[in-house]
Amino acid sequence: MRKSLPRRVALSVVGVLVALAIAFPTYWMFVTSLRSPGEILSPKYDLIPTSFSFGNFATALSKDNFPTYLMNSLIVTVGSVLCALVAGTLAAIPLSRLRFTGRKGFLVLVMVAQLAPVSALFIPLFLLMRDAGLLNTLPSLLLIYFATTLPFTVWMLYGFVNGIPYELEEAAMIDGCSQTGAFRRVTLPLLGPGLVTTSVFSFITAWNEYLFALVFIRDKPKETLPVWLASFRTAFATDWGGVMAASVIYAIPALIFFLLVQRKLVSGATAGAVKG
């Protein structure tokens with residue numbers, strides 16, 4: 001016990017320092033959003049501000065078409081996540097439960113697709129969307145986000161399905177369920193934490209995507225929030241107060257989504273840790 005106490009104290013101190021280092025940029029963003037432009041550019045910069053101003057938030061919210069940009073981001077992000085979950089589940093189930101020729105090769109291709117650099121996809125996706133007549137439309141972004149998050153979704157759900165014993169489905173089928181009914185009544189509820197965990201990562205990936213939205217969308221009413229966030233920087237200056245306030249606003253929907261699913265996220269992260 002005497003030897004373990006200093007070690008635990010040291011680990012706790014290291015953990016606190018790491019947590020502070022991770023949380024500091026978010027704190028700095030929030031504090032800066034509450035400062036006036038003069039305070040932001042002042043050489044004297046206190047870690048704890050003595051005065052607060054909400055003018056930067058008013059500036060950010062008064063930008064043209066902000067509600068439209070917010071709705072566009074929600075449509076393409078939520079739509080791509082839902083499509084990826086459905087397609088990923090339909091792919092993960094046979095990959096986990098069936099044994100067929102080429103199964104391992106397909107899993108390797110899924111991993112390779114996940115590792116492919118985004119920059120390598122711009123030209124083929126641009127040509128594909130142009131030929132399909134989908135350039136400068138929200139469905140093009142939805143399809144692109146769906147395609148880019150699908151390999152990760154399949155790989156994650158494949159691992160979660162592997163953690164669910166197939167004997168549970170066999171027991172349900174012995175009791176009279178069909179194979180589809182056994183999946184719907186037994187496997188799908190147990191797969192819930194995995195679906196939530198995967199959806200969080202897919203949501204963050206699609207929500208923060210900037211380059212595709214910048215290249216594939218040309219009309220301002222069809223732009224998304226990441227492009228709107230970049231509009232605070234002009235050729236003459238950068239509105240740092242507006243950028244920080246807009247970043248806080250931009251983070252709120254993702255934070256709300258995380259808070260809504262955090263219980264399932266924890267259970268999904270620890271799924272399979274205990275057997276009995």
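Assigned to a helix (DSSP H, G or I), in the same structural domain as PHE183 (by the TED database) and touching a Ser or Thr at 6+ places or on another chain (Cβ under 6 Å) - does that describe any residue in the range 90-104?
Here is the first cut: in the range 90-104, the ones assigned to a helix (DSSP H, G or I) are 90-97, 103-104.
Filter again for in the same structural domain as PHE183 (by the TED database), leaving 90-97, 103-104.
Among the residues that remain, those that are also touching a Ser or Thr at 6+ places or on another chain (Cβ under 6 Å) are: none.
No, because not a single residue in the range 90-104 is assigned to a helix (DSSP H, G or I), in the same structural domain as PHE183 (by the TED database) and touching a Ser or Thr at 6+ places or on another chain (Cβ under 6 Å).
Assess whether ILE217 counts as being over 19 Å from ARG97 (Cβ atoms), in the same structural domain as ALA91 (by the TED database), open to solvent by 50 Å² or more (accessible area, probe 1.4 Å) and modelled with pLDDT of 85 or more. Reasoning before the result, please.
Details: over 19 Å from ARG97 (Cβ atoms): yes; in the same structural domain as ALA91 (by the TED database): yes; open to solvent by 50 Å² or more (accessible area, probe 1.4 Å): no; modelled with pLDDT of 85 or more: yes.
Criteria not met by ILE217.
Of the residues that sit in the range 39-58 and are among the small types (Gly, Ala, Ser), closer than 21 Å to ILE249 by Cα and loosely packed, with under 13 Cβ neighbours inside 10 Å, which one is modelled with the highest pLDDT?
ALA58
Say we look at the range 192-203 and pick out the residues that are modelled with pLDDT under 90 and of a type outside the set (Ser, Thr, Tyr); which of these is most open to solvent (accessible area, probe 1.4 Å)?
So the residue we want is PHE201.
Tell me the residue from THR77, THR32, THR68 that is β-branched (Val, Ile, Thr), under 26 Å from TYR210 (Cα atoms), modelled with pLDDT of 85 or more and outside the structural domain of ARG233 (by the TED database), please.
Details: THR77 fails: outside the structural domain of ARG233 (by the TED database); THR68 fails: outside the structural domain of ARG233 (by the TED database).
Matching residue, one of THR77, THR32, THR68: THR32.
Which of the residues that make up the range 123-158 are in a helix (DSSP H, G or I) and exposed (fewer than 15 other Cβ atoms within 10 Å of the Cβ)? Steps first, please.
The first filter runs over the range 123-158 and keeps only residues in a helix (DSSP H, G or I), leaving 123-131, 138-158.
If the condition is that a residue be in a helix (DSSP H, G or I) and exposed (fewer than 15 other Cβ atoms within 10 Å of the Cβ), then ILE123, PRO124, LEU127, ARG130, ASP131, PRO139 are the ones that fit.
Can you give me the number of residues within the range 224-240 that are open to solvent by less than 20 Å² (accessible area, probe 1.4 Å) and at pLDDT 85 or above?
Here is the first cut: in the range 224-240, the residues open to solvent by less than 20 Å² (accessible area, probe 1.4 Å) are 224-228, 232.
The next check asks that each one be at pLDDT 85 or above; those that pass are 224-228.
Total satisfying the criteria: 5.
Looking only at residues that are of a type in the set (S, T, N, Q), outside any loop (DSSP other than H, G, I, E, B) and over 21 Å from VAL261 (Cα atoms) in the range 159-191, which one is least open to solvent (accessible area, probe 1.4 Å)? Walk me through how you get there before you give the answer.
Our first condition is that a residue be of a type in the set (S, T, N, Q); within the range 159-191, this holds for 162, 178-180, 187.
Filter once more, so that each one left must be outside any loop (DSSP other than H, G, I, E, B): 162, 179-180, 187.
Within this subset, residues satisfying the condition of being over 21 Å from VAL261 (Cα atoms) are 162, 179-180.
On the way: ASN162: 78, GLN179: 112, THR180: 104 Å².
Out of the qualifying residues, it is ASN162.
The values are calculated or read from the model by the stated rules, or taken from the named source; none is laboratory data. As the structure is a prediction and not an experimental result, all values here were calculated from the model. Virtual Cβ from ideal backbone geometry, glycine too; neighbours counted across all protein chains shown. Note: areas computed on protein heavy atoms with side chains; ligands, DNA, RNA excluded. Shrake-Rupley method; radii C 1.70, N 1.55, O 1.52, S 1.80 Å.
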